[in-house]
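The values are calculated or read from the model by the stated rules, or taken from the named source; none is laboratory data. Because the structure is a prediction, the values reported are computed rather than measured. Every residue, glycine as well, gets a Cβ built from its backbone with ideal geometry; the counts of neighbours run over all protein chains shown. Just the protein is used for accessible areas: all its heavy atoms, side chains included, with ligands, DNA and RNA removed. Shrake-Rupley method; radii C 1.70, N 1.55, O 1.52, S 1.80 Å.
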Amino acid sequence: MKKCIPINWIYLYAMAIFSLVLASCSSDLEDVGSGTATLEVSASIVTATQAKNLNVENKFSGNLTFSSGYIWVSAVEFDGTLERGSSINRRVERFSKIDFVTGEGVPPIDDVIIPAGSYSYVNIEAELRDEDTQPAIVMEGSYTRTDGSTVPVRFEFNSGETFEAETEQTINLAEDSTVIGKIIIDPYTWFDTVSVELMDNAAVNANGVLLITEEFNEDIYDLVADGLDESTESEFIN
């Protein structure tokens, strides 16, 4: 008489799950590929005429300008989607003070290794430094009042915010290439709800600077801080 061999259903179930996981991993590996590229993080400020909200440019008639400053980050996270479907995430935790003029960070964030390929979506998240009273964002420029007098202007922001900077362009990263991911700050759009009257009558500090902080010209600061998350984008330069 022929004996029936009992089927180990648990074993078969486990093997089926393992096969699915293996197939999924293989697919991901095929999508990502073996080549890599290096991402370097930078930052800059747009000009008033490049601002997304040109109401500010028209309102201040070009009299409000920001030309220098820095953003001080504590961590940067890269999220991207390759056109073949794989989602890529990389995070670097490092204090870096990135100058808006040179685009260089101290210390630099220039060692983020990501898969090479064509990305249909890319997002950079920058977490602002929030360790002490040192500002996380400083922007400096000048403001010309309606009476023709010009005064230096300095905006300071100190809070543990996270900026999300997306790009709408397709990014092609060649193997062994280095790409600069630039966080583009648009302060003019932040000032959209600030009136000319407020700026004209803003107090100046002992050094003659129109200072905007949590403690100085708070009415302007509160309006600008409310729009801080708006119009931050990123661009990638091969």
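Laid out as a table, the results:
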| item | result |
| --- | --- |
| Using distinct alpha-carbon pairs, which all enter the 1/r mean, Kirkwood radius of region 100-166 in Å | 15.6 |
| Extended-chain gain in nm, criterion 0.36 nm per residue less alpha-carbon gap, D219 and D176 | 10.6 nm |
| Ranking by accessible area, most exposed first, for S86, S68 with a 1.4 Å probe | S68, S86 |
| Principal axis dimensions, region 61-135 - Cα atoms, whole angstrom, descending | 46, 36, 19 |
| Fraction of beta bridges assigned by DSSP in region 126-228 that are antiparallel (%, nearest 5) | 75 |
| Diffusion coefficient, µm² s⁻¹, Stokes-Einstein with Kirkwood Rh over alpha-carbon pairs of region 185-224 at 37 °C and 0.692 mPa s | 311 |
| HN-Hα J in Hz across region 173-185 - Karplus 6.51, -1.76, 1.60, θ = phi - 60°, x for Gly and Pro | 10, 6, 4, 6, 8, 10, 10, 9, x, 9, 7, 9, 8 |
| Calculated SAXS-style log₁₀ I(q)/I(0) at q = 0.14, 0.22, 0.23, 0.33 Å⁻¹ - region 136-175, Debye, Cα scatterers | -0.64, -0.81, -0.83, -1.09 |
| Where labels lie 7 Å past Cα in the beta-carbon direction, separation of T38 and Y121 in nm | 2.9 |
| Label zone at E166 (point 7 Å along Cα-to-Cβ), backbone N below 19 Å, region 96-137 | 119-127 |
| Largest to smallest principal axis extent of the C-alpha atoms in region 107-238, angstrom | 55, 32, 22 |
| Fully extended contour minus Cα-Cα distance, from E131 to T193, at 0.36 nm per residue | 19.4 nm |
| Other-chain or far-sequence residues with amide H under 5 Å of S68's (modelled H) | E140 |
| Placed amide H near L211: partners under 5 Å, 5+ positions off or other chain | R154, N205 |
